[in-house]
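Engineer: Right, I'll just put the structure down here and ask away after.
The values are calculated or read from the model by the stated rules, or taken from the named source; none is laboratory data. Owing to the predicted nature of the structure, the values given are computational and were not obtained by experimental measurement. Neighbour counts run over all protein chains shown; Cβ positions are idealised from the backbone, glycine included.
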Amino acid sequence: MHTANGGAEALALLQNEPVAVVVSDMRMPQMDGASFLSRVRALYPDVVRILLTGQTDTQAAITAVNGGPIYRFLTKACPPEVLLEELGNAVELNRLTAAEKELLGTTLRRTVEALIATLSLAQPAAFGRAVRVTRTVTELAEALEVKELWELELTAMLSHLGSVTLPPTVLAKLDAGRPLTEEEAEMVGRIPAISRDLVSTIPRLEGIAKAIGWHRARYDGEGSSIGVPRGEDLPLAARILRLAADFDAGMSQRPSVQATITALRADAGAYDPRVLAARVTAHDVPDTQAPPPSRRRRRSRAGHGRLRRRLHDRGRPARQSRDRGDRRADPPHRELRATGSGRGPDPSARLS
């Protein structure tokens, strides 16, 4: 059990001491219990919160409960055995929540891995393209200092799921950069929608599904249907994926990186200027040649391995970080108590 003299000190302790339950007095100086628990909820959403109040604090407690989920609202006059029982129940709730997240994370990871494995077996050429595009997405995201790389990589990889509907002859044309017939072009044009529909059925991937469905939209909005966002309203993942996919397609049609980039710059309205600039800067060398196919295949396998490791990390249970407010491991069964005397300027806060 840990204690703190007020809400500010309790928040500081939470940065270094992962806890399962927080118990706060309503009346504390500088920061009352409602404000403190609201802050705890924002920084550590998995921590279970309990509020202690005096008989005269009922209305304030109601306001606190309405302002954000609080597990229990107890009066200071409650018997010790009641408080201990509620603390035990709160710790168990925290444990069950962590277990549920771990199960969901594991299920999500295995579902995604199964879909990717299906793509690799059914359409090896499409799988190879997916991994090349994913590698380019990673390079662009790192250049743009995007933090959630796993979301962008997953968007890139899963955007090719619809390729399983294409005949091998069409895939061969795409890989070789040969012209498509009108019918074949229509089939290819349906891939984003098919991929989106497949991914949208997976829990927690709704945002990724939207990015996949919109990744062929132009940044300037030209030719977009009603309701399709444009410019900065397009998800960043969609904007990065659009350029990465076009870059990969261009490399199959042109003799060098520079020729491909020149073609991309000629249609600059299709791309987010920052994303295009990142691609140009990354290849600001004269006439860089594309790597031979065998080398591209080796890189593809390496890129797929990185994505699998990131997916595995995402499936681990959450724990509270020591220097941030996220949760990244099994939450310990500890409680935090922040209390005030409710009578004057000499309150104490306890962390337990």
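Engineer: Tell me the residue from Ala193, Ala185, Ala217 that is under 26 Å from the mean Cα position of the chain (by Cα), closer than 23 Å to Asp267 by Cβ, of a type in the set (A, V, I, L, M) and in a helix (DSSP H, G or I), please.
Structural biologist: Ala193
Engineer: Being modelled with pLDDT of 80 or more and either in contact with a helix residue (DSSP H, G or I) (Cβ under 7 Å, 6 or more places away or on another chain) or small (Gly, Ala, Ser) (or both) is true for just one of Gly105, Gly88, Gly54. Which residue is that? Break it down stepwise before answering.
Structural biologist: Working: Gly105 fails: modelled with pLDDT of 80 or more; Gly54 fails: modelled with pLDDT of 80 or more.
Every option except Gly88 fails the conditions.
Engineer: Could you tell me whether any residue of segment 63-74 is in a loop (DSSP other than H, G, I, E, B), modelled with pLDDT of 85 or more and buried (at least 18 other Cβ atoms within 10 Å of the Cβ)?
Structural biologist: Checking segment 63-74: not a single residue is in a loop (DSSP other than H, G, I, E, B), modelled with pLDDT of 85 or more and buried (at least 18 other Cβ atoms within 10 Å of the Cβ).
Engineer: Checking the conditions here, which among Ala117, Ala172 is surrounded by fewer than 18 Cβ atoms within 10 Å (Cβ to Cβ), assigned by TED's automatic domain parsing to the domain that holds Arg196, on the phi < 0 side of the Ramachandran plot and not in a loop (DSSP other than H, G, I, E, B)?
Structural biologist: Matching residue, one of Ala117, Ala172: Ala172.
Engineer: Could you run through segment 217-233 and say how many residues are farther than 19 Å from Ala277 by Cα and touching a residue at least 12 places away in the same chain (Cβ under 8 Å)?
Structural biologist: Here the count works out to 3.
Engineer: In segment 218-243, which residues are of a type in the set (A, V, I, L, M, F, W, C) and crowded, with 22+ Cβ neighbours inside 10 Å?
Structural biologist: Of segment 218-243, the ones of a type in the set (A, V, I, L, M, F, W, C) are 226, 228, 234, 236-238, 240-241, 243.
Hits for segment 218-243 are Leu234, Ala237, Ala238, Ile240, Leu241, Leu243.
Engineer: Based on this model, can you work out whether Gly207 counts as surrounded by fewer than 17 Cβ atoms within 10 Å (Cβ to Cβ), under 21 Å from Leu149 (Cα atoms) and at pLDDT below 95?
Structural biologist: The answer is yes for Gly207.
Engineer: Another one. Considering only residues that are modelled with pLDDT under 90 and basic (Lys, Arg), which ones fall in segment 220-262?
Structural biologist: Arg254
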